[in-house]
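Notes for the one structure printed next.
The values are calculated or read from the model by the stated rules, or taken from the named source; none is laboratory data. For clarity, every value in this text was computed on a predicted model and none was experimentally measured. Neighbour counts run over all protein chains shown; Cβ positions are idealised from the backbone, glycine included. For the accessible areas, the whole protein counts, side chains as well, though only heavy atoms, and no ligand, DNA or RNA atoms are used. Shrake-Rupley method; radii C 1.70, N 1.55, O 1.52, S 1.80 Å.
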Amino acid sequence: MKIAFVGKGGSGKTTLSSLFIRHLAAARVPVIAVDADINQHLATALGMDEAEAAALPALGARLPLVKDYLRGTNPRIASAETMIKTTPPGEGSRLLRIVEDNPVYAACARPVPVEGETVHLMATGPFTESDLGVACYHSKVGAVELCLNHLVDGREEYVVVDMTAGSDSFASGMFTRFDLTFLVAEPTRKGIAVYRQYKDYARDYGIALKVVGNKVQGPDDAAFLADEVGEDLLLTVGDSAWVRAMEKGRPHRFDLLEADTRQALKELHAAADETYEQRDWERYTRQMVHFHLKNAESWANAKTGADLAAQVDPAFVLAEPVGAPQLT
């Protein structure tokens, strides 16, 4: 299952995505965690210290390796240089699975011990001083989009992506790559404005969107969100002493997390699981192709000097594998 956490900066999406990842790990569910935010905080939220987090390999810097591996023997892709972030898989492409060994994970993922299990964490990498004036953050996130385009996953295996804040999440087709998007919203006018913006963007693409109200102080806050968000509001979360301790770098055992927050995480898990029945691989593939053709026409054909529409394999539909190899 592909799950995204989105929201405005400071809404608490990284905190909630890390709690959800911890919940999945504690439930012995295989998880790949991806920090796709320009501000890289997911690693420390999962228990890494600052030095360990800084040493994570930058997925965006390993884009040539990612492209070369994923294109495999696909005859429609002449070279890794002609692959762009939206390039869809076809016959001969290599596909990724949640639980396997492959060169992409070896180069870009690092094991993180979480609640007695191993979560594999990938990070796009921060926006550095050398990028100023010559690059945009979407070029780094493109590696995540390519991986999602080539990922086939089952019901009880998860990739959880902490997305970049605000409307930047819609700067490419990556927002259509998820089974369910959790929008973390505070009970404020700004929080509601972000929700409405996301809702407008998502409407035309059948995006499954649920709102998680965060920093809810009481019934008035909860009622405000319910009035403004309606049926999209899944649940609300209030203050947590456990979370405050974690954010100070002094986390308690996860089983000491407050009961109401533990229940909220169970509800997030149940909501994600329910979307499995609505999976439509043909629509998923069709949307992938749609954004690829859009990018090809608007900028990528000129940049690569190739007709990237020819990369589309009309007979290919991404589909869930019958079985998957195990990590060693």
What number, rounded to the nearest 500 deg cm²/dmol, is the helix-based mean residue ellipticity at 222 nm of the chain, given -39500 (n - 2.57) per DSSP H run of at least four residues and division by all its residues? -10500 deg cm²/dmol
5 angstrom amide H check on LEU318, placed H, neighbours 5+ away: THR285
How much FRET efficiency would the formula 1/(1 + (r/R0)^6) give for GLU91 and LYS266, where r is the Cβ-Cβ distance and R0 is 45 Å, rounded to 0.05? 0.65
Just list whichever of LYS199/LYS248; LYS67/LYS266; LYS2/LYS248; LYS13/LYS140; LYS8/LYS248; LYS67/LYS294 have alpha carbons separated by over 27 Å in the model shown. LYS199/LYS248; LYS67/LYS266; LYS2/LYS248
Arrange the residues LYS266, LYS85, LYS199 by how much accessible surface each exposes, largest first, with a 1.4 angstrom probe. LYS266, LYS199, LYS85
Using a 10 angstrom cutoff on alpha carbons, build the Gaussian network for the chain and name the most mobile of GLY92, GLY125, GLY142. GLY92
Averaged per residue, what accessible surface does the chain expose to a 1.4 Å probe, in Å²? 45
Mean separation of Cα contacts under 8 Å (at least 6 apart) over the residue count of region 1-80, i.e. the relative contact order in percent, is 17
Among GLY206, GLY191, GLY238: highest mean-square fluctuation, GNM of the chain, C-alpha pairs under 10 Å: GLY206
So in region 144-283, what percent of DSSP beta bridges are antiparallel if you round to the nearest 5? 0
For the chain, what % of the accessible area comes from carbon and sulfur atoms, probe 1.4 Å? 51
Gaussian network model of the chain, Cα within-10 Å springs - most flexible of ALA241, ALA143, ALA272: ALA241
Length-normalised contact order for the chain - Cα pairs under 8 Å, 6+ apart - percent: 27
